[in-house]
Amino acid sequence: MTTTDSLTGTSLRRAIAGHPVASYLVSSFAITWAILFPITLSGQPAELGLPAVVLVAMLLPAVLVTGAEGGRPAVRALLARTFRWRVRPGWYALAAFGLPLAVLLGATAFRGTEPWQVVAANPSLITAYLLALAIFPVINLWEETGWMFVQHRLAERHGPLPAAAVTGLLFGLFHLPLYVAQPTPAMVALVTVGLMALAVPFRIVIWWLYRRTGQSVVLVALFHASFNASNADDGLVAVAVPGVMPYVLTGIALTGAAALVVRWLSPTA
């Protein structure tokens, strides 16, 4: 490496270290959209690109930006949060089942015991839900390593609620390639904006879970997998409470939970 190359590398590292969140977001968005837009626009399932996205566009930038900012000790701390699995079993149960249980309990107020009867009569719903959760160490763990890098840094600088709001809006926008195949541009915009709005209470609840479990990304990833499984078109929530979009039901549950978290975070609480 020449002296010029060395100086250029040093300058780049300083620039990344000085703007870690922006550096992560620019690289993650650019790589993700470059991978997913061609796939979804060609009519192929987005799942084809997800392994590359979570590893190359989420995990790798988080590691590189962290390394540029704080070296190997910072990278070790990042990965320690990613693999922090020594958490009380109750937190695992809450992360895995808290959201669908909240939805079913809320539905009971309007439909009586019917949702519970549907689940009891269709045990395959629970099996399918558990299988959907099993993907969390493959996809969601690396996805949340990246997004919690963003949310953690923003919370340190601006506080947890502004960080959750900004991270949620960006998180929703990040998923734009998944919905670009909607019939009309208006539908693309509507679905994307809806997800951005839903992502704000989602990130508020995730921050609470992250803090209460000693910054365990494992638990955050499991909750993320639960969110995805709960919103499946033919999943437990959709079948147990027919006639209402799962995203509406989980959105109501998350908004209620987020309100409790805001109360918990309030200095006067």
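Determine whether region 72-82 contains at least one residue that is within 17 Å of the chain's Cα centre (by Cα), surrounded by fewer than 17 Cβ atoms within 10 Å (Cβ to Cβ) and within 20 Å of VAL205 (Cα to Cα). Scanning region 72-82, I find no residue that is within 17 Å of the chain's Cα centre (by Cα), surrounded by fewer than 17 Cβ atoms within 10 Å (Cβ to Cβ) and within 20 Å of VAL205 (Cα to Cα), so the answer is no.
Among the residues making up region 216-238, a single one is open to solvent by 60 Å² or more (accessible area, probe 1.4 Å) and part of a helix (DSSP H, G or I): ASN228.
Among the residues of region 24-51, those identified as of a type in the set (Gly, Ala, Ser) and either crowded, with 18+ Cβ neighbours inside 10 Å or modelled with pLDDT under 95 (or both) are SER27, SER28, SER42, GLY43, ALA46, GLY49. Working only within region 147-169, note down all residues that are of a type in the set (Lys, Arg) and crowded, with 18+ Cβ neighbours inside 10 Å. ARG153 - this is the single residue of region 147-169 that is of a type in the set (Lys, Arg) and crowded, with 18+ Cβ neighbours inside 10 Å.
Residue check: is TRP264 among the aromatic types (Phe, Trp, Tyr), surrounded by 14 or more Cβ atoms within 10 Å (Cβ to Cβ) and either touching a residue at least 60 places away in the same chain (Cβ under 8 Å) or farther than 17 Å from GLU143 by Cβ (or both)? Spelling it out, it is not the case that TRP264 is among the aromatic types (Phe, Trp, Tyr), surrounded by 14 or more Cβ atoms within 10 Å (Cβ to Cβ) and either touching a residue at least 60 places away in the same chain (Cβ under 8 Å) or farther than 17 Å from GLU143 by Cβ (or both).
Scanning region 211-236 for residues that are hydroxyl-bearing (Ser, Thr, Tyr) and closer than 21 Å to GLU156 by Cβ gives THR213, SER216. Scanning region 100-146 for residues that are among the aromatic types (Phe, Trp, Tyr), in a helix (DSSP H, G or I) and either touching a Phe, Trp or Tyr at 6+ places or on another chain (Cβ under 6 Å) or open to solvent by 20 Å² or more (accessible area, probe 1.4 Å) (or both) yields PHE110, TRP116, TRP142.
If only residues of region 6-21 that are open to solvent by less than 80 Å² (accessible area, probe 1.4 Å) and more than 15 Å from GLY71 (Cα to Cα) are counted, the one that is modelled with the lowest pLDDT is SER6.
The set of residues in region 246-261 being open to solvent by 80 Å² or more (accessible area, probe 1.4 Å) and out of contact with any helix residue (DSSP H, G or I) (no Cβ under 8 Å at 6 or more places or on another chain) consists of LEU260 alone.
When region 174-215 is examined, which residues are found to be of a type in the set (A, V, I, L, M, F, W, C), under 18 Å from GLY146 (Cα atoms) and open to solvent by 50 Å² or more (accessible area, probe 1.4 Å)? Passing the criteria: only TRP208. Scanning region 124-133 for residues that are of a type in the set (Gly, Ala, Ser) and free of Cβ contacts under 8 Å to residues at least 40 places away in the same chain yields a single hit, SER124.
Give all pairs with beta carbons closer than 9 Å in which a residue from region 74-88 that is within 12 Å of VAL217 (Cα to Cα) and touching a residue at least 60 places away in the same chain (Cβ under 8 Å) meets a residue that is among the β-branched types (Val, Ile, Thr) and not in a helix (DSSP H, G or I); count only pairs at least 6 apart in sequence or on separate chains. These pairs meet every condition: ARG84/THR213; VAL87/THR213. Within region 83-99, restricting attention to residues that are part of a helix (DSSP H, G or I) and open to solvent by 40 Å² or more (accessible area, probe 1.4 Å), the residue that is nearest to VAL248 (Cα to Cα) is PHE97.
The values are calculated or read from the model by the stated rules, or taken from the named source; none is laboratory data. The structure displayed is predicted, hence computed values, not measured ones. Glycine also receives a Cβ, built like all others from the backbone with ideal geometry; neighbour counts cover every protein chain displayed. Quick note on the areas: whole protein, heavy atoms, side chains included, nothing else; ligands and nucleic acids left out. Shrake-Rupley method; radii C 1.70, N 1.55, O 1.52, S 1.80 Å.
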